[in-house]
1. Tell me which aspartates and glutamates have Cα within less than 16 Å of Lys186's Cα, excluding those fewer than 8 residues away on the same chain?
2. So what is the orientation-averaged projected area of the stretch 18-63, using the convex hull of its C-alpha atoms, in nm²?
3. From zero outward in steps of 5 Å, how is the percent of C-alpha pairs of the chain spread across the bins?
4. In the structure displayed, which of Lys25/Lys88; Lys123/Lys154; Lys154/Lys179; Lys142/Lys179; Lys25/Lys159 lie more than 21 Å apart, Cα to Cα?
5. Pick out which of Phe155, Phe134, Phe93 has the largest mean-square fluctuation in a Gaussian network model of the chain, springs linking Cα atoms closer than 10 Å.
6. Summing -39500 (n - 2.57) over the DSSP H runs of n ≥ 4 in the chain and dividing by its residue number, what mean residue ellipticity at 222 nm do you reach, to the nearest 500 deg cm²/dmol?
7. Quick one: compute the contact order of the stretch 1-90, relative version, from alpha carbon pairs under 8 angstrom and 6+ residues apart, as a percent.
8. Out of the trypsin sites (Lys or Arg not before Pro) in the stretch 1-63, which ones are loop residues according to DSSP with at most 13 other C-beta atoms within 10 Å?
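Every number in this text was worked out from the coordinates using simple rules, so none of it is lab data. Keep in mind that what you see is a predicted model, and the values were worked out from it rather than measured. Glycine gets a Cβ as well: all are built from the backbone with ideal geometry, and neighbour counts include every protein chain shown.
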Amino acid sequence: MKQDWKPGTMIYPLPAVLVSCGSCKEEYNIITVAWVGTICTNPPMCYISVRPERHSYPILKKNMEFVINLTTKEMAYATDWCGVRSGKNFNKFEEMHLTPGKASIVQAPIIEESPLCIECRIKEIISLGSHDMFIADVVNVKADEKYLDSDTGKFDLAKSNLLVYAHGGYYEMGEKIGKFGWSVEKKK
């Protein structure tokens, strides 16, 4: 039997990402975001949702770009810390020993420790209530070479030990149980 609950955000798990922003070292900041996702494949688009009172909000609005940095089990502490501390009071890169790297297209820094960095340009900001949604074009993706298969050249993100967020907790991903289309593949 199921119970009725008040409406809420219960779509889990979600990626726990570090969003980096800023156009110069003095402005660089990192914000932890779980309200993040894909909007469109062609053209590639994604979104992040951020509370207007967050320190990163005016930085995002001013520069109209950011980088979504996927996180790993090894980055879990930094991911949580960057979500509960304000960039007003801390240099998050220094405090968490994270390395700001040069993005290829946007001015916002990438986080070198991230296995995958998605460079984004904001195309629209929608005020929704507690959060504003930043809809963005993906303009470049930087992939860590250590996750490239040496034979095929394909990127194997599963090897990076990705971090996910579910209802207040951080989790590593579990064992692969299938792949896209496996339920309808013809048996040999």
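1. none
2. Its Cα hull, projected and averaged over all orientations, spans 3.6 nm².
3. P(r) over the chain, rounded to whole percents: 1, 7, 15, 19, 21, 16, 10, 6, 3, 2, 1, 0, 0.
4. Result: Lys123/Lys154; Lys142/Lys179; Lys25/Lys159 exceed 21 Å.
5. Phe155
6. After summing the helix terms and dividing by residue count, I get -3000 deg cm²/dmol.
7. Across the stretch 1-90, relative contact order equals 32 percent.
8. Those that pass, being in a loop and sparsely packed, are Lys2, Lys25.
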